[in-house]
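First comes the structure, then the notes that go with it.
The values are calculated or read from the model by the stated rules, or taken from the named source; none is laboratory data. No experiment lies behind these values; they were computed from the predicted model shown. Only protein heavy atoms, including side chains, enter the accessible area calculation; ligands, DNA and RNA are left aside. Shrake-Rupley method; radii C 1.70, N 1.55, O 1.52, S 1.80 Å.
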Amino acid sequence: MIKVLEKLTAEQKALLTSGAIQVSGRAMNRTALGVVDAVLQLYPDATLEELKTILPDSVNSAAPKNYKSLFKPYTARPYGVFQPGSIRGEYEAQGLDLNASHFTGEGETFRLKDGTEILVSKSWESSDTETGEHDLQNLIQQVETYGVRVVEHDKSKPFSKGGYSLEIVHPQVLAALQAPAKKFPVWLLAIPVLLLIAIALYFVLSGSGN
């Protein structure tokens, strides 16, 4: 369970599962890019671990065989929906083309609140190299629980960015998820301390009056 979901009311959770943000895209990989964008808009405080819970590597198990990469089927590492920007160094060290496997262009990468760069996988197969499953369908089913719906693009509307568009369906849910966590007022801790001091002074003063 993502911690931020705990603060939603029952009504907000119902709205979330009915779809808080809708995504439509021009192609499978651009649709996937839009899905990650939507998830990060809904969960702006997500850690890398939480993001991997929402978007697990098993959704897109292996990259295609038509280019060499750091992932399955060339290694035992799952390809996944996204990878942290730290793979840039690994690609460079092995002389591989990162642009072949991940989105790296302007406006195509994301950052978590802690600064971690997020690179979305560029290849989405209708029959995954390892599992034979439809990668994008796996992604669509996975994110439904977390408030993201993928819909067919309305051809009368232009794409807003990057070959995909987002539509906020339930802004109240988005606002609740994005609201900063309420901090415990520290000054309340002083009340019992002051009370104890007052009681102690009362007994001291009462004793000195005898």
Segment 39-161, accessible surface, carbon-and-sulfur percent (1.4 angstrom probe): 46 percent
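Just by accessible area at a 1.4 angstrom probe, what is the order of E11, E108 from largest to smallest?
Details: E11 135, E108 35 Å².
Per-residue accessible area, sorted high to low, gives E11, E108.
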Average accessible surface area per residue within segment 41-117, 1.4 Å rolling probe, Å²: 48 Å²
